[in-house]
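Shown next, in structure tokens, is the structure this report addresses.
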Amino acid sequence: MMKAIVFTGPGQAKLLQVPKPKVKDGWTLIKVSHAGICGSDLTIFSGHHPRAKAPLVMGHEFSGWLAQDIPGLPAGTPVTVNPLLSCGHCTPCLEGNSHVCRTLGLLGIDCDGGMAEYAAAPISMILPLPEDISLKLGAFIEPVAVTVHAVRMASYLPGDSTLVFGAGTIGLATALTLRKFGASSVTICESNPIRLKLAESLGFHGIQSGNGLLDELLEETNGEGYDYVFDCAGHQSVADILPDVVKIRGKIEIVAGYKAPPSMDFQKGMFREFSIQFTRVYRMKDFEIAARLAAKDPDYEKLINYELAPEDAEKGFELLTTPTDAVKVMYRFHQ
């Protein structure tokens, strides 16, 4: 038996004793060090995730040590896990786009995940951690991979102006990744003053969201707008001004998952010829790049501002569902 944080019903995340995972062919067992709470875990916790069913061991952001030898890696190797579960035979998979598999699943959503003392994962999705990276940061590679994929999908060009909506985990990580990709200046819009202060402490130009935001953003760019706009907020108030804050023929990258279908002025899109692109998750190459970037930039680890014992299971979700200074909350299962 082992300790695990289990979704048992809407608003319930309980620390329970559950059986250790059974390892099937092509999978391996990981002794979990750290596991993070993601926005999708909050959706599960609320009872609104369309696929996740109780009881479920949550968690698709995690790191640990191999509990057994696998080809090329001995037991004890520090690793992280790409949590995507692709079918391998649908058209997107066969065309090399398994990250948007028609039946894409994730560890911690479609089967038990990493918020436990031990987790099972496909051997093909195991990534050894660079030597100079902590296991805590190793559990943060998955969110960084999301941002690497977004920046690469947008074909960002160093030196072009960038605007990020949202200073949550993904928004701040996107800003850090943009800087690693050559963005000399990144503007971040955020309504939460605590998160905005964190963005500014990381060296970004912060603007408080609210009345008059559009005028302020246009003034910042002499009325031109930004070359690249990354929506990491997913709110109708952002969708309302996206067509106005992007430069003519600029690019909008939608990284956030909208809780409700937004409306947008497509007529402005026609007049300004900007492009809109969407990001879902990441490719394995994005994961590998994310690990290298995180190993070289200590600022990514600054986003992990709560590290809890699994006995504080409920506190972790409370921190992220009530007004607090929490950005990334992680549970530590082993040291």
Unit charges at the beta carbon, dipole of the chain: most positive-side option, Thr177, Leu104, Phe317: Leu104
Just want the answer: with Cβ charges of +1 for Lys and Arg and -1 for Asp and Glu, which residue in Leu84, Ile44, Ile70 is farthest toward the dipole's positive end in the range 1-109? Ile44
Please report the carbon-and-sulfur percent of the accessible area for the chain; probe 1.4 Å, protein heavy atoms only, DNA, RNA and ligands left out. 52
Per residue solvent-accessible surface (Å²) - the chain, probe of 1.4 Å: 45
To the nearest 0.05, what FRET efficiency results for Leu16 and Ile123 with a Förster distance of 30 Å applied to their C-beta separation? 0.65
With label points set 7 Å from each Cα along the Cα-to-Cβ direction at Glu200 and Thr91, the distance between them in nm comes to 5.0
Can you list residues from other chains, or at least 5 along the same chain, whose modelled amide H is less than 5 Å from the amide H of Gly234? Ala256
Please get the size of the charge dipole for the chain, origin at its Cα centre, with Cβ charges of +1 on Lys and Arg and -1 on Asp and Glu, quoted in debye to the nearest 20. 940
Contact order relative to length of the chain, as percent, for alpha carbon pairs under 8 angstrom and 6 or more apart: 19
Could you calculate the FRET efficiency of Ser191 with Phe271 from 1/(1 + (r/R0)^6), where r is the beta carbon distance between them and R0 is 25 Å, rounded to 0.05? 0.30
Counting only C-alpha contacts under 8 Å and six or more residues apart, can you give the relative contact order of the range 34-141 as a whole percent? 34
What order do you get for 102-110, 47-55 when each peptide is scored by the mean count of other beta carbon atoms within 10 Å, highest first? 102-110, 47-55
Rounded to whole Hz and in sequence order, give me ³J(HN,Hα) for the range 151-165 from the Karplus expression 6.51 cos²θ - 1.76 cosθ + 1.60, θ = phi - 60°, writing x for Gly and Pro. 5, 5, 4, 6, 6, 4, 10, x, x, 6, 6, 9, 10, 10, 9
How high is the relative contact order of the range 252-335, in percent, with contacts defined as C-alpha pairs under 8 Å that are six or more residues apart? 24
How do the peptides 269-278, 153-162, 291-300, 78-87 rank, highest first, by the average count of neighbouring beta carbon atoms within 10 Å per residue? 78-87, 291-300, 153-162, 269-278
Under a 5 Å amide H to amide H cut-off, with H placed in plane at 1.01 Å, what residues pair with Val186 once short-range neighbours are removed? His205
With label points set 7 Å from each Cα along the Cα-to-Cβ direction at Lys259 and Lys285, the distance between them in nm comes to 3.6
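The values are calculated or read from the model by the stated rules, or taken from the named source; none is laboratory data. Just so it is clear, the structure is predicted and the values come from calculations on it, not from any experiment. Ideal geometry is used to build each Cβ from the backbone, glycine not excepted, and the neighbour counts take in all protein chains shown. Calculation scope for accessible area: heavy atoms of the full protein, side chains included, ligands and nucleic acids excluded. Shrake-Rupley method; radii C 1.70, N 1.55, O 1.52, S 1.80 Å.
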